[in-house]
Amino acid sequence: MTLPRRTRVYGVDFSGAREAGHKIWIAQAVVHQDTLCLERCAAVATLLGVAPQREACLSALCAWIAREQEAVFGLDFPFGLPAPLLEAASWEEFVRTFPERYATPQHFRSACYAAAEGRELKRLTDHENDTPWASYNLRLYRQTFYGISALLAPLVSQGAVSVLPMQRPRSDRAWLIEICPAATLKRHDLYMPYKGREARHRRARRDILEAVQRLAPLRFADAALQNTIIQDGDGDALDSVIAAWATWRALQRSVELEKPFHPLYVREGYVYY
């Protein structure tokens, strides 16, 4: 099967924070020949013109993704759990029933620990791509919970998206893939402390961004975008750009989008880099 060519790419640095609209950053890019052109990079509250509160901004983000039928989204949260913890016959069933199974982020985390007998189990793709944490780790469980319950569950239930590689890519809907900025940086020997407001952190963000510019190659539709990304001390803006880069790289290796590689990927999820 030959995949239809897609030129619209979004990198999404996700968050489950109470005011997620200020923490979720989106890098909007278009593929022009062999170059990734960054058009916008902003927090979702600004980009979509919505309230920053979690429920409002996630609802707006969900609706927006459904409308972007010709785009590819790289989202920075785990799309699944290790197979022993799924408690479902398939990934689709796991996602659709996730909001019914877990009432709160805390319930989700405690249930996972109980099922894993207190251990933090990782998925096959986490081991292979050296992602920092298990899906229900203290630093990640809120992202996992809200990413699956507020985005994937409604979008999958409505048939509004294709989530790869668990679902076949459809030409009439947006494609969603899982990415991890830390894993992408490690793949390219670019991982360094870059989140913070000290001069060394700004230098690190500048160095990483310049490396991505060379490797992609990446260019900016507006020169001010580069400064916005470097000055964001939380690193969310840069993470969204790395997410867009990883998404574009996945598009270039389209064979990886079409086949599941390993049976566990279609049950647990797969991190594209």
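The values are calculated or read from the model by the stated rules, or taken from the named source; none is laboratory data. This one's a predicted model, so the numbers in the text were calculated from it and none came from an experiment. Note that each Cβ is placed from the backbone with ideal geometry, even for glycine, and that neighbours are counted across all protein chains shown.
Summary table below
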item	result
Cβ-Cβ under 6 Å pairs, at least 6 apart or on other chains, segment 141-162 side more than 18 Å from residue 179 (Cβ to Cβ), far side of a type in the set (Lys, Arg) and in a helix (DSSP H, G or I)	141/109; 157/96
Restricting segment 159-218 to residues that are buried (at least 16 other Cβ atoms within 10 Å of the Cβ) and among the basic types (Lys, Arg), the residue that is nearest to residue 71 (Cα to Cα)	173
Answer from 103, 29 - the residue that is in contact with a helix residue (DSSP H, G or I) (Cβ under 8 Å, 6 or more places away or on another chain) and among the hydrophobic types (A, V, I, L, M, F, W, C)	29
Members of segment 108-137 that are among the basic types (Lys, Arg) and either surrounded by 15 or more Cβ atoms within 10 Å (Cβ to Cβ) or at pLDDT below 95 (or both)	109, 122, 123
Number of the exception - residue 250 against (1) closer than 17 Å to residue 78 by Cβ; (2) at pLDDT 95 or above; (3) not charged (D, E, K, R)	(2)
In segment 81-101, residue surrounded by the most Cβ atoms within 10 Å (Cβ to Cβ) [restricted to those that are aliphatic (A, V, I, L, M) and not in a loop (DSSP other than H, G, I, E, B)]	95
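Residue-by-condition table, conditions (1) in contact with a strand residue (DSSP E or B) (Cβ under 8 Å, 6 or more places away or on another chain); (2) more than 23 Å from residue 262 (Cβ to Cβ):
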{"residue": "66", "(1), (2)": "yes, yes"}
{"residue": "86", "(1), (2)": "no, no"}
{"residue": "99", "(1), (2)": "no, yes"}
{"residue": "106", "(1), (2)": "no, yes"}
{"residue": "109", "(1), (2)": "no, yes"}
{"residue": "117", "(1), (2)": "no, yes"}
{"residue": "129", "(1), (2)": "yes, no"}
{"residue": "133", "(1), (2)": "no, no"}
